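Working notes for the structure below.
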Amino acid sequence: MSGSVPAWLRAAPDSQLAGALRRGRPAWSEFVHLLWSVWVFIVPVFTSQGYDARWWLLTLASYPLFVVLFTAALLLPARRVRACALGMVALALALMPWYPSGMSYFVFGCVFLGAGRWRTPWGYPLALLALNVLFLACARVIGYPWSAMLWMPITTLAIGTILQVQRLVERKDAVLLLSQEEVRRLAATAERERIGRDLHDLLGHTLSLVALKADLAGRLLPRDPRAAQREIEELGQVAREALGQVRRAVSGIRAAGLAAELAAARVLLEGEGVSLQAEMDEAALAPEQETVLALCLREAVTNIHRHARATRVRVTLHGAGANWRLQVDDDGRGGAIRPGNGLDGMRERLQALGGSLSLEPIVPHGTRLRAEVPHWQSVPVEAPPL
């Protein structure tokens with residue numbers, strides 16, 4: 001699909017559009033901000049000249065250039081966004097004496113300026129302040145009315161500050177997401193190493209014994225068939241014991257999904273100053289049950305991080321009658337609970353496995369998420385006869 005898109009329309013890996021796509025937002029959600037440029041076509045209603053020939057000529061000359069700069073600011077690498085933003089500002093200032101509609105270009109330029117890379121947190125606010133001082137000086141010299149001169153700095157400073165805070169939050173969330181993924185990767189690596197050690201310890205001696213008895217039975221078979229038969233019977237018993245050891249080892253391996261998710265949750269919450277207490281029983285869960293409970297834990301912790309403003313979180317996994325129960329309690333602000341798509345998806349997954357999901361407030365404040373799955377009795381597989 002990307003091969004059919006011209007090279008100049010492809011988003012750079014560190015562009016604004018690429019970042020939005022990585023966060024799961026569609027491409028149109030970035031281009032939809034172009035609708036705010038409708039003010040270019042509304043401003044003449046409030047001027048004495050109205051939609052005269054000069055307005056049409058300057059609009060036809062400047063608006064396509066503005067759209068090109070807007071698109072470039074979304075697609076180009078972060079280091080080149082500042083040039084696009086300053087181009088919008090320069091376009092607005094150059095047209096100010098004859099084209100009041102161009103003030104909209106100035107707003108867009110100030111907003112896009114914050115998307116570039118700044119060495120210090122104060123770089124963008126100071127640049128925004130300097131551009132507004134320059135705008136006020138130009139507007140004063142040209143003779144713009146005070147109403148036009150005052151609303152522009154207020155608008156650009158307010159929008160720029162809000163978007164800059166949003167960008168900082170998104171970058172922080174991206175760093176936390178990378179930390180979570182790194183914890184999961186390290187947990188998976190440690191688990192693979194543990195599996196290798198366990199299998200070596202479990203099967204190394206057993207397989208050596210199997211090889212020894214097989215060789216012994218082969219040598220005894222010509223001269224003492226009865227002794228060879230005993231060795232073969234013992235060989236079968238050793239193989240069945242090894243099979244049981246492998247099954248017990250695999251039942252322990254299945255707990256790795258929840259363990260990795262709990263480690264990632266601890267990194268995410270404790271990085272925000274939220275204490276996490278966990279009490280997890282040894283649970284013989286089927287792999288699909290483990291996966292669903294791990295996803296429920298991830299969704300609960302994500303919601304706590306984003307909305308709860310909690311200081312303490314408690315995670316427990318215990319047997320509850322015929323079910324295994326995962327419970328996540330927090331002491332956040334609670335209030336009206338409106339499950340979103342994430343929790344609805346978790347509920348559907350649990351119901352497909354015969355389980356359930358509940359979400360309820362805690363008195364006096366906080367929220368409790370409870371996910372349950374039934375005990376599944378696995379049927380042992382008999383070793384084939386020798």
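I need the peptides 48-60, 290-302, 149-161 ranked by packing, meaning the mean over residues of other C-beta atoms within 10 angstrom, with the highest value on top. Walk me through the intermediate numbers first.
Working: 48-60: 11.9, 290-302: 22.2, 149-161: 15.8.
Highest mean packing first, the order is 290-302, 149-161, 48-60.
From the C-alpha coordinates alone, can you work out the Kirkwood hydrodynamic radius of the range 2-144, in Å?
Numbers: mean 1/r = 0.0613 Å⁻¹.
Here the Kirkwood hydrodynamic radius works out to 16.3 Å.
Among 27-40, 230-243, how do they line up from the highest to the lowest mean number of other beta-carbon atoms within 10 Å? Walk me through the numbers on the way to the answer.
Numbers: 27-40: 13.3, 230-243: 15.6.
Highest-to-lowest ranking by the protection proxy: 230-243, 27-40.
Using every pair of alpha-carbon atoms in the range 255-379, split the distances into 5 Å bins beginning at 0 and state the percent of pairs per bin, rounded to integers.
Final binned percentages: 2, 11, 23, 24, 21, 12, 5, 1, 0, 0.
Given R₀ = 45 Å, FRET efficiency for Glu272-Arg140 by Cβ-Cβ distance, to 0.05?
0.45
Values quoted throughout were computed directly from the atomic coordinates according to the rules given, and no laboratory measurement underlies them. Bear in mind the structure is a predicted one, so any value in this text is a computation, not a measurement. All Cβ positions, glycine included, derive from the backbone under ideal geometry; neighbour counts span all protein chains shown.
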